[in-house]
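Shown next, in structure tokens, is the structure this report addresses.
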Amino acid sequence: MKLNSKGQVTIPAALRARHGLHEGDEVDEVDVVEEGGALRIVRVSGAETRGQRLVRHMRGRGGAKQTSGMSTDELMELLRGE
């Protein structure tokens, strides 16, 4: 591995896949700690998974018109264009 001018290293693809790290993951999901003279990259406990972030981001975006609080009949009318 090489350390670039910004202090960044590339984690090998196999290790990223094995530990569920993905491009775009937020920096607060992992931490670098010094332990016994070595640096360790550790996942922060309690951090949202990529899927949880996606669900949170997409929640409430099912369509241009909000349907929460609508009855089944109202939804059916909306879907059928009645």
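Structural remarks
- Residues satisfying the stated conditions in region 3-25, i.e. modelled with pLDDT of 85 or more and part of a loop (DSSP other than H, G, I, E, B): Leu3, Asn4, Ser5, Lys6, Gly7, Gln8, Val9, Thr10, Ile11, Pro12
- Reported count of residues in region 26-38, each being within 17 Å of Gly7 (Cβ to Cβ) and either modelled with pLDDT of 80 or more or assigned to a loop (DSSP other than H, G, I, E, B) (or both), is 5.
- Taking each residue of region 38-58 that is small (Gly, Ala, Ser) and looking for partners that are surrounded by 10 or more Cβ atoms within 10 Å (Cβ to Cβ) and in a helix (DSSP H, G or I) with beta-carbon atoms closer than 7 Å, six or more apart or interchain, yields Ala47/Glu29.
- Looking only at region 54-77, and only at residues there that are of a type in the set (D, E, K, R) and at pLDDT 80 or above, the one that is most open to solvent (accessible area, probe 1.4 Å): Arg56
The values are calculated or read from the model by the stated rules, or taken from the named source; none is laboratory data. For clarity, every value in this text was computed on a predicted model and none was experimentally measured. Please note: Cβ atoms are built from the backbone with ideal geometry, for glycine as well, and neighbour counts cover all protein chains shown. Keep in mind that these areas ignore ligands, DNA and RNA; they rest on the heavy atoms of the full protein, side chains included. Shrake-Rupley method; radii C 1.70, N 1.55, O 1.52, S 1.80 Å.
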